[in-house]
Amino acid sequence: MATTKSTTPTNAMAELGSFAQLFESSQVKVADVGEVVCGTVIGLTKDLAIIDIGDKSESTIPLSEFKTDGEAADVKIGDTFDVFVEKREAEGGIKLSREKAIGIKVWEAIAKIQEENGTIQGRIDSRVKGGLSVDIGVPAFLPYSQIDLRPVKDMDSLIGQTFDFRVLKYNRKRNNVVISRRAILEEERNKLRTEMRSTLVEGAVVKGSITNITDYGIFIDLGGMDGLCHITDLSWGRVSHPSKLFKVGDEIEVKVLKYDKDTDKVSLGVKQLKEDPWKSVQERYPVGTKTTGTVVSTTDYGVFAELEEGVEGLIHISEMSWSKKTRHPSKILDIGDQVEVQILNIDASAKRISLGMKQLQPNPWDLVSENYPVGSIIEGKIKNITDFGIFIGIEEGIDGLIHVSDLSWTERIKHPSEKYSKAETIQAVVLKIDRENERFSLGIKQLEPDPWLAAVEKYPLGSSVDGKITNVTDFGVFVELEEGIEGLIHVSEISKDKVETPVGLYNVGDTIQTKVINVSAKDRKIGLSIKALTDDSGQASYNDYKIKETTSKAPTTIGDLLKEEMVTRDKAAEGESKA
């Protein structure tokens, strides 16, 4: 008989436990929901990647999760990467997400970076309220104040660019991250500043980038610190505004004028890279030479013309034209005009140059005596009327004066405007030309003979004449013999009897007969007498006059009288012209 091996309960339980352990060890490990595990691509379809995570079943991930910026999915069989187990389906499938796995890893990286004060790379995607949105694996917020060391004017130019950032703070639950690029730049700048403090010296020539432009100068980034170049140190010439010469972002070379290590303030200069042009200005522009300049400013007293960068000269209004007519310089030249000038004077120590324009044109006074000889008759328009006379335009730069005393031989003209008006065309005689003082004297009355010269012949001593009374005063009676010729009957010549006053005895407008007892063309006076008509005492008056005339040193010929009159008139005209 065969022997049968018996199994006790204890042995049976031991064997069953060994089998269970063996079965468990042969099963695939099951991934937990919410866990990040490693997955391997084992197959590809048109839209899906088949993923093996070592679980009892396989899963898929849409190829769209492998695309970036709309490009084709970059994935192939055998690739491994982290995936996030989202959930297990009821039918045994597993839902995986590559994007969520990346997000979890990113958050872990963010936490580590902030803890270690490290950096994370990101790409600026778009503008949002208060700053920019940056892709660092998850959307991050970059405030305006953290973009750069100074305000950025063109935010749109940053979109699409990749930079390193520091993590300022984050909140994983709210999916919120605040980052900074400025923190990195400040650290770099501090390092450079430390280096510059030991190398930057006054007088050194350095390069930098313009970061800001103001009314008073430009700020330049030297690499580790900023420096200011004041507007007065930009150019040896005139600078209306720094923006006329430079723009933000320009790379320029400058000279260190002053460096304060305690405050890190740096004063810079551009013009100091060139020699001061005033040092050799007298060699380049000797007095008397002709040159050209550009009008850079106008004033009431003249214009400033730039001969070269840093060298300006003044064209005084009196040196702009030979004309005496006052015109504002802006009516003659405009800013930006090119003008030909002559160097009149240079004071290099005071940085002043006097320039002239009229010196390049003929002086009209050089030919005036030839063109308008004394005694000739000219015609011109009245340009101005004053209390003492009339100015007539002769030609450009030359005006002639008709003194009020040369308007009429006989009329008493209180003001020239009583008889003449501006712009009226009149004729006059050239009386005198003073080239040295640039004075041109004219006369209107000289167009006609002097009636007083004829009066000496027309009204001889002792002749009886009739006239009309024009005025009665206490000292005598004025009688008009003809237009412009008046005589005076002194109160002592009215009667042989003593007369206190003729007022009341005679009336204006009455015609009266008298006798001529003296005539003076020089003084323009005729002495008349009534009592001489009936009394021989008139002869005594005549004899007294002749004695005075004979013993007087005054000229007696008509020519002498005219000559003396011209001298007297010229002195009076000269005094009023100076006034």
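Every number in this text was worked out from the coordinates using simple rules, so none of it is lab data. Every value quoted in this text rests on a predicted model; they were computed, and no experiment measured them. Glycine gets a Cβ as well: all are built from the backbone with ideal geometry, and neighbour counts include every protein chain shown.
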Fill in the blank from the handout: Low-density loop trypsin sites (Lys or Arg not before Pro), the stretch 435-527, at most 10 other Cβ within 10 Å, DSSP non-H/G/I/E/B, are Lys498
Exercise for the section: Would you mind checking which residues have amide H under 5 Å from Ser297's amide H? H placed 1.01 Å from N; only 5 or more apart, or other chain. Expected result: Phe304
Handout entry: Gly476 long-range amide H proximity, modeled H, under 5 Å
Key = Val491
Exercise for the section: Rounded to whole Hz and in sequence order, give me ³J(HN,Hα) for the stretch 177-190 from the Karplus expression 6.51 cos²θ - 1.76 cosθ + 1.60, θ = phi - 60°, writing x for Gly and Pro. Expected result: 9, 10, 10, 9, 9, 4, 4, 5, 5, 5, 5, 5, 5, 5
Completion exercise
Checking the stretch 101-180 for trypsin sites (Lys or Arg not before Pro) in a loop per DSSP with at most 13 other beta-carbon atoms within 10 Å yields Lys129, Lys153, Lys173, Arg174
Fill in the blank from the handout: The answer for Ile94, listing residues at least 5 apart or on another chain whose modeled amide H is closer than 5 Å to its amide H, is Glu89
Handout entry: Cα centroid separation - the stretch 295-327 against the stretch 383-435, whole Å
Key = 32
Practice task
Tell me the GluC sites (Glu not before Pro) within the stretch 258-321 that lie in a loop according to DSSP and have at most 14 other beta-carbon atoms within 10 Å.
Solution key: Glu275, Glu309
Practice task
Evaluate the Debye formula for the stretch 117-185 with equal point scatterers sitting on the alpha carbons, no solvent, and hand back log10 of I(q)/I(0) at q = 0.19, 0.22 Å⁻¹, in q order, two decimals.
Solution key: -0.66, -0.90
Handout entry: Karplus (6.51, -1.76, 1.60) ³J(HN,Hα), θ = phi - 60°, over the stretch 490-502, in Hz, Gly and Pro reported as x
Key = 5, 4, 6, 9, 7, 7, 5, 7, 5, 10, 5, 7, x
Handout entry: In sequence order, calculated HN-Hα J values of the stretch 454-459 (Karplus, 6.51, -1.76, 1.60; Hz; x Gly/Pro)
Key = 6, 4, 4, 7, 6, 10
